[in-house]
């Protein structure tokens, strides 16, 4: 599919396929958080990172997510109000604040991850076994080529 944003070149077909894959993955990410919890995709990204890191200082979250500290503060305020996140004290640094998941936040991250795994498994099941192996090899190379700037900093965290 030749789109408005495509540029001719040796890799234009690959870029177009990656654009299509991006739309599919973003669609899955967005649908996965269409739950009654009222959590936005940026808020969910913060929760997912905290699920991987555990209680963390806001500055580290800002660096990990590539966001401004003020954005982390706004997201944390909303998630604290909704009951998904709790503020705590850093035992190693007196006066420093940490952010961590509440049971409600942990449950949401687990539910979303399970839904995404089921959805992605259903898509992958439509490929023949050899095609799946080739897809794993190629997609790992793409993830490695993009890392660490695109949500792949934390091992085990599904990209959003």
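The values are calculated or read from the model by the stated rules, or taken from the named source; none is laboratory data. Not measured: the values here are computed from a predicted model. When we count neighbours, we look across all protein chains shown, and the Cβ atoms used for this are built from the backbone with ideal geometry, even at glycine.
Worth pointing out:
- Complete set of residues in segment 132-151 that are modelled with pLDDT of 80 or more and loosely packed, with under 11 Cβ neighbours inside 10 Å: 137, 138, 140, 141, 144, 145
- Test: residue in segment 31-47 that is more than 21 Å from residue 146 (Cβ to Cβ), part of a helix (DSSP H, G or I), at pLDDT 90 or above and under 15 Å from the mean Cα position of the chain (by Cα): yes
- Single residue of 80, 73 found to be within 21 Å of residue 40 (Cβ to Cβ) and at pLDDT 95 or above: 80
- Taking the criterion of being in contact with a helix residue (DSSP H, G or I) (Cβ under 7 Å, 6 or more places away or on another chain) and more than 22 Å from residue 108 (Cα to Cα), the only residue of segment 71-97 that qualifies is 97.
- Residue ID - nearest to residue 38 (Cα to Cα), chosen from residues in segment 58-90 that are touching a strand residue (DSSP E or B) at 6+ places or on another chain (Cβ under 9 Å) and part of a loop (DSSP other than H, G, I, E, B): 84
- Taken as a whole, the condition of being surrounded by 12 or more Cβ atoms within 10 Å (Cβ to Cβ), over 15 Å from residue 108 (Cα atoms), at pLDDT 90 or above and more than 16 Å from the chain's Cα centre (by Cα) does not apply to residue 68.
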